[in-house]
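**Student:** Here it is: the structure, laid out below.
What follows draws every value from the coordinates through simple rules; no lab data is involved. The model shown is predicted, which means the values in this text are computed figures rather than measured ones. When we count neighbours, we look across all protein chains shown, and the Cβ atoms used for this are built from the backbone with ideal geometry, even at glycine.
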Amino acid sequence: MSASGGGKAIAAALLANTGIALSKFIVFAISGSSSMLAESVHSLADTGNQALLLLGGRKSRKVPDAAHPFGYGRERYVYAFVVSIILFSVGGVFAILEGFAKLQHPHELKDAIWPIVVLSIAIVLESLSLRTAIVEANHVRGKEGWFSFIRHAKAPELPIVLLEDCAALVGLVFAFAGVGLTILTGEPRWDAIGTLAIGALLIVVALALGIETKSLLVGEGARSADVVLIRDAINAHPAVEALIHLKTLYLGPDELLVAAKIAFEGGEKLAEVAVAINDVEASIRKALPIARMIYLEPDVYLPPTDANPPTDAIIIKGAD
């Protein structure tokens, strides 16, 4: 997986959640805590999610073929969307149902000290996993803010791991509070309330992930700053008279499709235009290396008339 995919962060989260899930299930079996059960399912879902992200990264590297001439880069978006669905259904909805059930039929905790011990250890492990994800994200986000990075990242893995780790830490705090208040007050409904809080948290995170990955699946274009780089690379060529039309589309997190209609002077020969197009393509790739598929259509710029109305898509070279 590419650096933008955060393979190290995913692997760290996978190892942490596997061990945490096993320990939580064991302690749930001992104590009967609904918060521990909700956290056990949460960690199990997270473990499966990280495995799916790694699988999506591997499948996205398949070479293009006749059935998929633009490659398999969007496999990563598909698996990221599946992750959001799993987190919503297996994690959030299950916890909500379990919490309501325990509110209606509360029962005393057995050996309540064990959930406290395991939750404390899990908080430490999740903190280490989150630290790894933050370090990996810092390599690719630059000076961009965290909210903007999660909202606009084209590689879905790091935002997912970051949100999952943050949700896991907050969920552990909810579980710790639910179990702790149950021990202090003797009221088992606090454990059920902690379970409901975990479920609500997971549903909110899952919805946020689902909205973002849906946008990536539908197809997002390049950021405005990258569009400017492409435009300037095109307009910088002396043979280009105007950029008439420009469209971009992410085929995957690290691969951008660029399609443009470029106006040349009417007196240019075909061979000269072909050379100019090759030069422009090289300039675009130099300015934006992820622009790997470029399709440029030569045309002649015609001033707006009644038969040829003006369009906002036309960018005359040298214009702001």
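**Student:** Given only helices, namely DSSP H runs of n ≥ 4 each adding -39500 (n - 2.57), what is the per-residue ellipticity at 222 nm of the chain, to the nearest 500 deg cm²/dmol?
**Tutor:** The per-residue figure over the chain is -21500 deg cm²/dmol.
**Student:** K269: which aspartates and glutamates have alpha carbons under 14 Å from its alpha carbon, excluding same-chain residues fewer than 8 sequence positions away?
**Tutor:** Hits, sequence-local ones excluded: D299.
**Student:** I'd like the FRET efficiency for E268 and I211, computed as 1/(1 + (r/R0)^6) with the beta carbon distance as r and R0 of 51 Å, rounded to 0.05.
**Tutor:** That gives a FRET efficiency of 0.65.
**Student:** Which pairs, out of K8/K59; K154/K247; K62/K154; K214/K261; K59/K261; K143/K214, put more than 22 Å between their alpha-carbon atoms?
**Tutor:** Exceeds cut-off: K214/K261; K59/K261; K143/K214.
**Student:** Could you state the orientation-averaged shadow area of the convex hull built on the Cα atoms of segment 54-185, in nm² to one decimal?
**Tutor:** Convex hull of Cα atoms, orientation-averaged projection: 11.0 nm².
**Student:** Follow-up. What full-extension length gain, to one decimal in nm, is calculated for L103 and V300 as 0.36 nm per residue of separation minus the Cα-Cα distance?
**Tutor:** 63.7 nm
**Student:** Additional query: Report the full-extension gain for the segment I183 to A11: residue separation times 0.36 nm, less the Cα-Cα distance, to one decimal in nm.
**Tutor:** Computed gain between I183 and A11 is 58.4 nm.
**Student:** Before anything else, pin down the relative contact order of segment 44-85: Cα pairs under 8 Å, at least 6 apart, normalised by residue count, whole percent.
**Tutor:** 42 percent
**Student:** If I take every Cα pair under 8 Å that is 6 or more residues apart in the chain, average their sequence separation and divide by the length, what percent do I get for the relative contact order?
**Tutor:** Relative contact order for the chain comes out at 20 percent.
**Student:** Next question. To the nearest 0.05, how large is the calculated FRET efficiency for V93 and F147 if R₀ is 22 Å and r is the Cβ-Cβ distance?
**Tutor:** The pair V93/F147 has a calculated efficiency of 0.25.
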